[in-house]
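Enquirer: Please see the structure below; I have some questions.
The values are calculated or read from the model by the stated rules, or taken from the named source; none is laboratory data. The shown structure was predicted, so the numbers you read here are calculated from the model rather than taken from an experiment. Because the Cβ atoms are built from the backbone with ideal geometry, glycine has one as well, and the counts that use them run over all protein chains shown. All accessible areas refer to the heavy atoms of the entire protein, side chains included, with ligands and DNA or RNA removed. Shrake-Rupley method; radii C 1.70, N 1.55, O 1.52, S 1.80 Å.
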Amino acid sequence: MLSKELEFKKKLIVALDLHDLLEAQILVKQLKSYVGFFKVGHQLFTRYGPAATKMIQDEGGEIFLDLKYHDIPNTVKLAVNAAVSLKVNMLNFHALGGRAMMVAAVKSSQAAAKELHLSPPVLLAVTILTSLADPDLIELGISSSVSKEVQSLARMAYDAGVNGVVASPQEIAIIREVLPDNFLIVTPGVRLKDSKGDDQKRFLTPREALQAGADYIVVGRPIVKAPDPVRAAHEILHDMSLSLA
Ligand code: C5P
């Protein structure tokens, strides 16, 4: 593995979408030298709770807690406080929870981190779920298009002091149009050119996602379900490194 490729490690987030903690631990052990963050989502956290995040910390990995909080501001404030106490490095919530909810999340994260003498985690907002299209928004009573809504929710998150958004490859450009480069974009739906897309219908390659302006990419199945996950991670890092070309 070339040092140029390893430089991209910090931009690679691996989604540990797994049923079993031991299986997750084996992957973390294998991959930790090649991965910036391990994403713990609903599946692993609902089954194992803080044992899942502790396992990753014990292995020396960094954590993106992907629980997409969406509730009244006070409840999200308390959930963020609890997440910070788990010493996660990145966490998220739905921008559709509203401005006051996002401001409460930001303040809670800063206060909890200060109290525990930690760096605050990176806070990310989910704008419109990529499983929703324009007709779904109409049904929900939202009259603007997905792209307009993504833009305005991203801007609201930025104004609330949130560090960035989770955005599909198709949304990177429209967010970069209205927000500065230091507003982070984390992009799932990434596949190597010759791979099957699973249920990701419109994907970009790792190189394309970075060139389009993504700061981090999230990769799940192409790595965790690969016959050789380390080799798969190397291939992704190699493709990421081509973004410099
Ligand atoms: O296996 P795959 O690479 O498709 O996994 C992508 C990960 O990113 C999953 O954990 C999925 O929940 C998450 N995600 C996504 N699309 C979004 C938001 C999150 O695929 N819009």
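Enquirer: Pop the C-beta distance of LEU116 and LYS10 into the FRET formula with R0 = 30 Å and round what comes out to the nearest 0.05.
Expert: 0.85
Enquirer: For a protection proxy built on the mean count of beta-carbon atoms within 10 angstrom, sort 2-15, 117-130 highest first, please. List each step's numbers first, then the result.
Expert: Working: 2-15: 17.5, 117-130: 19.4.
Peptide ranking by packing, descending: 117-130, 2-15.
Enquirer: Treat every Asp and Glu Cβ in the range 3-244 as -1 and every Lys and Arg Cβ as +1, leave all other atoms uncharged, and give the resulting dipole magnitude about the Cα centre to the nearest 20 debye. Before the final figure, lay out the partial values.
Expert: Values: 27 positive and 27 negative charges, 74 e Å.
That gives the range 3-244 a dipole magnitude of about 360 debye.
Enquirer: Can you work out the accessible area per residue across the range 1-124, with the rest of the protein chains kept in place, probe 1.4 Å, in square angstrom? Could the numbers behind the result be given before it?
Expert: Numbers: 5870 Å² over 124 residues.
The answer is 47 Å² per residue.
Enquirer: Contact order normalised by length for the chain, with contacts defined as Cα pairs under 8 Å and 6 or more residues apart; what percent is it? Intermediate results must be reported in sequence, preceding the final value.
Expert: Numbers: 435 pairs, mean separation 46.9, N = 245.
Relative contact order here is 19 percent.
Enquirer: Could you work out the relative contact order of the range 96-184, using alpha carbon pairs under 8 angstrom and six or more residues apart, expressed as a whole percent?
Expert: Dividing the mean separation by the residue count of the range 96-184 yields 33 percent.
Enquirer: Please give the charge dipole size of the range 103-236, origin at the Cα centre, charges +1 on K and R Cβ atoms and -1 on D and E Cβ atoms. Round to the nearest 20 debye. Walk me through the numbers on the way to the answer.
Expert: On the way: 14 positive and 16 negative charges, 58 e Å.
I would put it at about 280 debye.
Enquirer: Once you sort the root eigenvalues of the Cα gyration tensor of the range 3-244 as a ≥ b ≥ c, which label holds: rounded (a/c under 1.5), prolate (a/b larger than b/c) or oblate (the other case)?
Expert: Oblate, because a/c is 1.5 or more while a/b does not exceed b/c.
Enquirer: A further question follows. Return the subset of LYS11/LYS39; LYS4/LYS54; LYS87/LYS225; LYS10/LYS77 for which the Cα-Cα distance in this structure is over 23 Å, preserving the input order. If you can, show how the numbers build up before the last one.
Expert: On the way: LYS11/LYS39 12 Å; LYS4/LYS54 30 Å; LYS87/LYS225 27 Å; LYS10/LYS77 28 Å.
Cα-Cα > 23 Å for LYS4/LYS54; LYS87/LYS225; LYS10/LYS77; rest within.
Enquirer: In nm, give the distance between the simple-model label positions of LEU21 and ASP228, each being 7 Å from the Cα along the Cα-to-Cβ direction.
Expert: Label at LEU21, label at ASP228, 3.2 nm between them.
Enquirer: Projecting each Cα onto the charge dipole of the range 3-244 (Lys/Arg +1, Asp/Glu -1 at the beta carbon, about the Cα centre), which of GLN170, SER3, LEU237 comes out farthest on the positive side?
Expert: Of the candidates, SER3 comes out farthest on the positive side.
Enquirer: A further question on this structure: For ALA15, what residues show an amide H to amide H distance below 5 Å, using hydrogens built from the backbone and excluding near sequence neighbours?
Expert: Amide H to amide H, under 5 Å and 5 or more residues apart or across chains, ALA15 pairs with LYS39, VAL219, GLY220.
Enquirer: Which percent of the accessible heavy-atom area of the chain goes to carbon and sulfur, probe 1.4 angstrom? Spell out each step's value before the answer.
Expert: Values: 6330 of 11720 Å².
The value for the chain is 54 percent carbon and sulfur by accessible area.
Enquirer: Given LEU27, GLN43, LEU153, which one lies farthest toward the positive end of the charge dipole of the chain, if we put +1 on the Cβ of every Lys and Arg and -1 on the Cβ of every Asp and Glu?
Expert: LEU27
Enquirer: Between rounded, prolate and oblate, where does the range 97-183 land on the alpha carbon gyration tensor, with a ≥ b ≥ c its root eigenvalues, rounded for a/c under 1.5, else prolate if a/b exceeds b/c? Walk me through the intermediate numbers first.
Expert: Details: a/c = 2.65, a/b = 1.87, b/c = 1.42.
Prolate, since a/c reaches 1.5 and a/b exceeds b/c.
Enquirer: Turning to a different aspect of this structure: Rounded to the nearest 500, what is the 222 nm mean residue ellipticity of the chain from helices alone, with -39500 (n - 2.57) per DSSP H run of 4+ residues and division by all residues? Walk me through the numbers on the way to the answer.
Expert: Working: 12 runs with 113 residues, N = 245.
Theoretical 222 nm ellipticity from helices: -13000 deg cm²/dmol.
Enquirer: Of the peptides 81-93, 167-179, how do they stack up when ordered by the mean number of other Cβ atoms within 10 Å, highest first? Could you put the intermediate results ahead of the total?
Expert: On the way: 81-93: 20.4, 167-179: 18.7.
Going by the mean number of other Cβ atoms within 10 Å, highest first, we get 81-93, 167-179.
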